[in-house]
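> Dropping the structure in here first, questions after.
The values are calculated or read from the model by the stated rules, or taken from the named source; none is laboratory data. Small disclaimer: the values here were computed from a predicted structure and weren't measured. FYI the Cβ positions are ideal-geometry reconstructions off the backbone, even for glycines, and counts take in every protein chain you see.
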Amino acid sequence: MVTPLPRTKRPLRCVLRTPSWAENHPPVPLRFGPESEPFAFLEGGVVKLTLGDGPEAGASLTSRSQGIALEAVVKAGDLSFLPRRALTFEGFVIPLPTTSLVYRGRTATGKPLVQHVLVVNEQETRGLTRAVECDDLSLDVQSFDAEYKLGIAHGVGAEAVIVARRLPLSATAGGAPTVTFSLRSGRTAKILDRVPGWARIRWYRREELVFGWVPSDALKPLSLGNMWDESVGRVRDPDRRDLSLSGAAELPPQRLACAAPIELLGELGGIRQPVGEIAPGTVFEVYQRHAPLTQVYLQTSDVRRAGGARWLVAAAEIDRCQRQ
């Protein structure tokens, strides 16, 4: 009598696809095998990824683009994914829909391991790693509300300014800090809950939504006084944008949307030129109008202007725009 071999449970097959790799991903090295040097770098095309089974396994990739079809191996560390839904990392961070998650292989039970790189300050980063389901990952940007994961309606909470330059964040009121951020003053946050001496807050950074408990004295209720810097006579906005004022401050900023496209100019280092347009119905902010050109602030997470750069529009073009 032949004794049957014990069955081993294989990880579920994890396959991801995208019709356009270039839209959401950096170039990825293509290899003949896991240890070989890259022979090419994928920068676009229709892509199918099949994750390997082992803890250190990468993925097999097939692509089609401009009449060329390729099959290759991709190392785990060369791959990144986008979150399909709100995923909490270490109890205080939720990456946003456009944030890349680095692939770190699969667990012994077959779940994908992904890492979110958290910038704590200019000198320190932390890799936050967790296991997820295959359906939690995507190769394309998915729309989801990170605040819904916290059990609150979007935008709910009293607004405050973070005045502490070093902000310890704890999982519980009075608990030991999970992480201590170094922040520029003027960052705004929403207060979700309070107990004596502590406040539970959430605030958006470029890559993530951060939430947790902080000492109450690290915050001040948002008011006009918080936005005015007496030392330099400037308005300070939450992203450290300084606007020199020659007269009275126009606070809060005007939120405008126009019925027609508005030509958008970029300015950096004394060079100014058209770079695009603001589409009809798109909301933007104006602190103070100047002729012939007015500085505007775009409400987008997809485009971040460089330090020292400005967005400008013709002042006459926004005279007919509607306040929002």
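> Criterion first (out of contact with any strand residue (DSSP E or B) (no Cβ under 8 Å at 6 or more places or on another chain), outside the structural domain of W21 (by TED's automatic domain parsing) and without any contact (Cβ under 8 Å) to a residue 40 or more places away in the chain) does P196 satisfy it?
yes
> Does V46 qualify as being of a type in the set (V, I, T) and surrounded by 21 or more Cβ atoms within 10 Å (Cβ to Cβ)?
No; evaluated as a whole, the condition is false for this residue.
> Exactly one of (1) touching a Pro at 6+ places or on another chain (Cβ under 7 Å); (2) surrounded by 14 or more Cβ atoms within 10 Å (Cβ to Cβ); (3) of a type outside the set (V, I, T) is unmet by F41. Its number?
(2)
> Can you tell me which residue among V114, V179, V74, V119 is touching a residue at least 24 places away in the same chain (Cβ under 8 Å), within 20 Å of the chain's Cα centre (by Cα) and more than 28 Å from L219 (Cα to Cα)?
On inspection, the qualifying residue turns out to be V114.
> I'd like the full set of residues that are crowded, with 17+ Cβ neighbours inside 10 Å and either modelled with pLDDT of 90 or more or more than 23 Å from the chain's Cα centre (by Cα) (or both), limited to the range 193-214.
Once the filter is applied, which keeps residues that are crowded, with 17+ Cβ neighbours inside 10 Å and either modelled with pLDDT of 90 or more or more than 23 Å from the chain's Cα centre (by Cα) (or both), the range 193-214 yields W198, A199, R200, I201, R202, E208, L209, V210, F211, G212, W213, V214.
> Name the strands (runs of 3 or more DSSP E) wholly within the range 251-294 that hold at least 2 residues that are exposed (fewer than 13 other Cβ atoms within 10 Å of the Cβ) and out of contact with any Asp or Glu (no Cβ under 6 Å at 6 or more places or on another chain)?
Once the strands (runs of 3 or more DSSP E) in the range 251-294 are filtered for at least 2 residues that are exposed (fewer than 13 other Cβ atoms within 10 Å of the Cβ) and out of contact with any Asp or Glu (no Cβ under 6 Å at 6 or more places or on another chain), what remains is 271-278.
> Something else: Please verify whether the range 138-150 includes one or more residues that are hydrophobic (A, V, I, L, M, F, W, C), without any contact (Cβ under 8 Å) to a residue 60 or more places away in the chain and surrounded by fewer than 18 Cβ atoms within 10 Å (Cβ to Cβ).
No, the conditions are met nowhere in the range 138-150.
> Here's another thing I want to ask about it. Look at T172 and say whether it is more than 22 Å from the chain's Cα centre (by Cα) and either among the β-branched types (V, I, T) or at pLDDT below 90 (or both).
yes
> List every residue pair whose Cβ atoms lie under 7 Å apart, where the two residues are 6 or more positions apart in sequence or sit on different chains, the first residue falls within the range 90-108 and is closer than 13 Å to V119 by Cα, and the second residue, located anywhere, is in a loop (DSSP other than H, G, I, E, B) and at pLDDT 90 or above.
Final answer for the pair search is P95/L87.
> Being more than 22 Å from H25 (Cα to Cα), at pLDDT below 90 and surrounded by 17 or more Cβ atoms within 10 Å (Cβ to Cβ) is the filter here, so list the residues in the range 88-117 that pass it.
G110
> Mind checking whether some residue in the range 301-320 is touching a helix residue (DSSP H, G or I) at 6+ places or on another chain (Cβ under 8 Å), surrounded by 12 or more Cβ atoms within 10 Å (Cβ to Cβ) and of a type in the set (A, V, I, L, M)?
no
> Then there is this: Among the residues that make up the range 143-156, is at least one of them over 16 Å from V15 (Cα atoms), in a loop (DSSP other than H, G, I, E, B), at pLDDT below 90 and in contact with a Pro (Cβ under 8 Å, 6 or more places away or on another chain)?
Taking every residue of the range 143-156 in turn, at least one turns out to be over 16 Å from V15 (Cα atoms), in a loop (DSSP other than H, G, I, E, B), at pLDDT below 90 and in contact with a Pro (Cβ under 8 Å, 6 or more places away or on another chain).
> Sticking with this one: Do we have any residue at all in the range 249-269 that's touching a strand residue (DSSP E or B) at 6+ places or on another chain (Cβ under 9 Å), farther than 29 Å from V161 by Cα and at pLDDT below 70?
no
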